[in-house]
Amino acid sequence: MSWPLPPDIEWARFLRLLRQPAPPRGWLEAAAQLPELRKRPLLLRWIAQHPRCPAHLRANLLPRLPALPLAAIANDAGAHPQARQMAGERLQTIWQGLSSGERRSLALRLPRKLWPQAWRVPDSRVIHNLLRNPRMNLDALLVLLQPPLTRAQDEALLNSSFAGMPPVIAQVLQAMDRTFLLPEASLVLGQAAPWIKALDPEQRLVEAARLTHPPLRRMCRAWARVDP
């Protein structure tokens, strides 16, 4: 016996059926053909990621999904592995064409594979939301936090929950140190001030010993109340 489809059932019940693991043969294909589903990408998501969805149907549906449903599939451990992979690849393809607002919304749900792309966006609001991504943690951030450090990255980090963590402060100062040595550094020395002030005097001396840019090293030492 085949399951019913809208309009014979309500959309809420239809969604519950979409999340059942063993639909009748051909039911997912019939559901994907419903004209109303063109207006309901979240429902298309559940068809595309369903373990019983035929590969050819999945390949047809995923390009029709907007960025947020694609991110939901890529992050859903219960989705078919092929759907997760294809959703991530699709997000990489469309990322450059997204608006700043779309990127900001997506950064909160962005799968880990795309974090390096979001980290390099010259928009502190996108990076700030990336840092608020529930899957972001200290280890993942330290991997991203490499020189050259940009103004957008620095601003987002200062306003994030990671700003007071000693490993982050140390990594920021190291990234700044190497960024200042570049011919066209995007940072100014004053941007190091809040990071140095967040350290205690002994830590400032430790960091000064690791730095190579003379003005930055002198700043650390001066605020540790030690002669440069």
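Hey, among Ala31, Ala22, Ala71, which residue is surrounded by fewer than 17 Cβ atoms within 10 Å (Cβ to Cβ) and not aromatic (Phe, Trp, Tyr)?
Only one candidate qualifies: Ala22.
Taking the stretch 182-228 as the search range and keeping residues that are exposed (fewer than 12 other Cβ atoms within 10 Å of the Cβ) and basic (Lys, Arg), which one is nearest to the chain's Cα centre (by Cα)?
Filtering first and then ranking leaves Lys197.
For the stretch 148-173, give me each residue that is in a helix (DSSP H, G or I) and surrounded by fewer than 19 Cβ atoms within 10 Å (Cβ to Cβ).
Hits for the stretch 148-173 are Arg151, Glu155, Leu158, Pro166, Pro167, Ala170.
A quick yes/no check of all residues on (1) over 29 Å from Leu110 (Cα atoms); (2) modelled with pLDDT of 95 or more; (3) among the aromatic types (Phe, Trp, Tyr):
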{"residue": "Leu142", "(1), (2), (3)": "no, yes, no"}
{"residue": "Arg151", "(1), (2), (3)": "no, yes, no"}
{"residue": "Gln174", "(1), (2), (3)": "no, yes, no"}
{"residue": "Trp195", "(1), (2), (3)": "no, yes, yes"}
{"residue": "Glu202", "(1), (2), (3)": "yes, no, no"}
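Which one is surrounded by the most Cβ atoms within 10 Å (Cβ to Cβ), of the residues in the stretch 125-145 that are touching a residue at least 12 places away in the same chain (Cβ under 8 Å) and polar (S, T, N, Q)?
Asn129
How many of the residues making up the stretch 109-147 are among the β-branched types (Val, Ile, Thr), part of a helix (DSSP H, G or I) and either over 15 Å from Phe162 (Cβ atoms) or touching a strand residue (DSSP E or B) at 6+ places or on another chain (Cβ under 6 Å) (or both)?
1
Consider only pairs whose beta carbons are under 8 Å apart and that are at least six residues apart or on different chains; among these, list those whose first residue lies in the stretch 171-198 and is closer than 11 Å to Leu149 by Cα and whose second residue is exposed (fewer than 13 other Cβ atoms within 10 Å of the Cβ) and hydroxyl-bearing (Ser, Thr, Tyr).
Here the result reads Asp177/Thr212; Arg178/Thr212, each pair linking the stretch 171-198 to a residue that is exposed (fewer than 13 other Cβ atoms within 10 Å of the Cβ) and hydroxyl-bearing (Ser, Thr, Tyr).
Could you pull out the residue among Glu36, Glu102 that is within 21 Å of Val126 (Cα to Cα), among the charged types (D, E, K, R) and surrounded by fewer than 17 Cβ atoms within 10 Å (Cβ to Cβ)?
The unique qualifying residue is Glu102.
Only one of these is over 29 Å from Arg132 (Cβ atoms), in contact with a Lys or Arg (Cβ under 7 Å, 6 or more places away or on another chain) and of a type in the set (A, V, I, L, M): Leu187, Leu211. Name it.
Leu211
State whether the residues of the stretch 184-198 include one that is assigned to a helix (DSSP H, G or I) and within 21 Å of Arg112 (Cβ to Cβ).
The answer is no; no qualifying residue exists.
Out of all the residues in the stretch 29-48, is one or more of a type in the set (S, T, N, Q), in contact with a helix residue (DSSP H, G or I) (Cβ under 9 Å, 6 or more places away or on another chain), without any contact (Cβ under 8 Å) to a residue 40 or more places away in the chain and on the phi < 0 side of the Ramachandran plot?
No, because not a single residue in the stretch 29-48 is of a type in the set (S, T, N, Q), in contact with a helix residue (DSSP H, G or I) (Cβ under 9 Å, 6 or more places away or on another chain), without any contact (Cβ under 8 Å) to a residue 40 or more places away in the chain and on the phi < 0 side of the Ramachandran plot.
The values are calculated or read from the model by the stated rules, or taken from the named source; none is laboratory data. As the structure is a computational prediction, the values presented were derived from the model and not from experiment. So basically every Cβ, Gly included, is an ideal-geometry build from the backbone, and we count neighbours across all protein chains shown.
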